[in-house]
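Colleague: Here it is, the structure, as structure tokens.
The values are calculated or read from the model by the stated rules, or taken from the named source; none is laboratory data. Bear in mind that the values here come from a model prediction, so they are computed numbers and not experimental data. A quick note on method: Cβ atoms are made from the backbone with ideal geometry, for glycine too, and the neighbour counts reach across all protein chains shown. SASA here: full protein model, heavy atoms, side chains in, ligands and nucleic acids out. Shrake-Rupley method; radii C 1.70, N 1.55, O 1.52, S 1.80 Å.
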Amino acid sequence: MTHVFNKVLDSTKKPKNIYFSYTLLFLLFIAVFFGWIFVSDYTFISDNDNLAEHYKAFIYCGQYLRGIIRNIFVRHQFFIPQFDINFGEGADIIQTLCLYGIGDPFSYISAFATKKYSSIVFAFSTLLRLYFSGIAFIYMCRYFHHKKQLSILAGAFCYCFVPYTTWQLTDQTCFLIPFYFFPLFIVGVNKILNNESPWLYVFTVFFAATSHFYFFYMLASLTVIYAVIKVFMIYGINIKAVVFSGVKCVLYAMLSLSMAGLLFFPITYTLLTDPRASMSHLQLLGGLKGYVKMPMSFIAYIVPLM
């Protein structure tokens with residue numbers, strides 16, 4: 001154990017090795033705190049929404065993707081099924097799976113999940129989401145030229161392993177989606193404001209829009225707030241520069257949404273017309289009580305917006 005930590009400390013002296021240090025510590029952390037799951041009869045699938053919804057959607061998504069691959073490479077037909085009679089009395093596949101991250105890149109791992117090893121692959125995809133959340137955080141810190149490597153590592157683990165994320169590891173894995181997208185949103189916006197390449201922003205918006213409509217809405221809202229503050233910090237009261245920067249961000253976002261339209265628009269229509277939305281009284285913003293409780297989410301698992 002001491003040898004591992006000494007190796008990590010040595011590697012942090014070189015900025016390029018911080019990803020290696022993080023990977024090593026992440027594996028060690030998982031082995032210490034979650035290793036017992038892999039050597040026992042337990043899994044990362046809790047007897048809650050993960051079992052009733054997300055795990056089943058993961059298995060179905062894998063079968064769906066393998067079917068598409070089989071159609072292309074075996075039957076030589078570019079055929080993507082869009083309707084399944086097995087959903088209740090029949091339903092659209094994309095609209096049915098829209099709440100389970102059908103467009104999330106990590107959902108594609110389900111294509112390798114055979115029935116025998118599906119629970120293992122599901123756990124792997126869950127941990128991979130958490131791992132890349134830390135990678136995205138480190139990338140953001142390096143973009144802003146933070147030089148204290150140990151501080152970045154500490155921040156990455158504090159970012160990844162808050163009570164909310166550790167709870168969602170076994171409860172609702174799709175709820176980890178915003179953690180690996182948000183740092184990329186921040187860097188992407190800064191690249192546009194600094195007249196750098198816009199493609200990180202474009203592809204981040206694209207994948208976020210196809211992954212989960214609700215989290216995309218939240219990510220977009222937070223990014224807009226950040227961008228407005230950042231623009232005024234850079235340009236002050238130069239209205240022309242502020243408007244020009246805002247228009248650039250909006251136009252690139254529209255490009256991303258156009259690319260994501262095949263999944264984004266059916267998903268948006270489903271959520272806006274779903275009877276469950278009216279039953280839940282969905283609102284753009286939560287109550288004041290929820291925002292007062294929100295800081296406590298960093299030290300304990302609570303449901304803040306209630």
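Colleague: Determine the order of 23, 173 by accessible area, beginning with the largest, at a probe radius of 1.4 Å. Kindly include the intermediate steps, with their values, before the conclusion.
Modeller: Numbers: 23 40, 173 5 Å².
The most accessible residue leads, giving 23, 173.
Colleague: I would also like to ask the following. Do the sum for the chain: with -39,500 (n - 2.57) for every DSSP H run of n ≥ 4, divided by all residues, what is the mean residue ellipticity at 222 nm, to the nearest 500 deg cm²/dmol? Before the final figure, lay out each step's value.
Modeller: On the way: 13 runs with 198 residues, N = 306.
It lands at -21000 deg cm²/dmol.
Colleague: Provide the FRET efficiency to the nearest 0.05 for the residue 56-residue 108 pair, computing r from the beta carbons and using R0 = 22 Å.
Modeller: Given R0 = 22 Å and the Cβ-Cβ separation, E is 0.80.
Colleague: Are there any helices in the chain, counted as whole DSSP H runs, that stretch 24 Å or more along their axis by Cα and score at least -0.5 on average by Kyte-Doolittle, and if so which?
Modeller: Details: long enough: 18-38 (28 Å, 2.20); 55-73 (27 Å, 0.37); 118-143 (37 Å, 1.20); 177-193 (25 Å, 1.67); 213-235 (32 Å, 1.81); 239-273 (39 Å, 1.58).
The answer, listed by residue number, is 18-38, 55-73, 118-143, 177-193, 213-235, 239-273.
Colleague: If you roll a 1.4 Å probe over the chain with all protein chains in place, what percent of the accessible area is carbon or sulfur?
Modeller: Values: 12520 of 17760 Å².
That fraction is 70 percent.
Colleague: For the pair residue 214 and residue 166, how long in nm is the line joining their label points, each one 7 Å along Cα→Cβ?
Modeller: Here the modelled spin labels are 2.4 nm apart.
Colleague: For the stretch 58-172, report the accessible area per residue in Å² (1.4 Å probe, heavy atoms, rounded to an integer). The partial results should precede the final answer.
Modeller: Numbers: 6120 Å² over 115 residues.
Normalised by residue count, the accessible surface of the stretch 58-172 is 53 Å².
Colleague: Moving to a separate point now. For the pair residue 248 and residue 269, how long in nm is the line joining their label points, each one 7 Å along Cα→Cβ?
Modeller: Distance between the two pseudo-spin positions: 3.5 nm.
Colleague: Most mobile of 293, 191, 230 per a Gaussian network model of the chain (Cα springs, under 10 Å)?
Modeller: 293
Colleague: Sticking with this structure for a sec: So if I take the centroid of the Cα atoms in the stretch 239-262 and the same for the stretch 105-178, what is the distance between those two points in Å?
Modeller: For the stretch 239-262 versus the stretch 105-178, the Cα centre distance is 28 Å.
Colleague: Please state the charge dipole magnitude for the chain, taken about the Cα centre, from unit charges on C-beta atoms (+1 on K and R, -1 on D and E), reported in debye and rounded to the nearest 20.
Modeller: 1120 debye
Colleague: Mind scanning 240/289; 147/230; 248/293; 148/230; 230/293 and naming the pairs with a C-alpha gap bigger than 32 Å?
Modeller: Over 32 Å Cα-Cα: 240/289; 248/293.
Colleague: Could you grab the relative contact order for the chain? Cα pairs under 8 Å, six or more apart, rounded to a whole percent.
Modeller: Here the relative contact order equals 18 percent.
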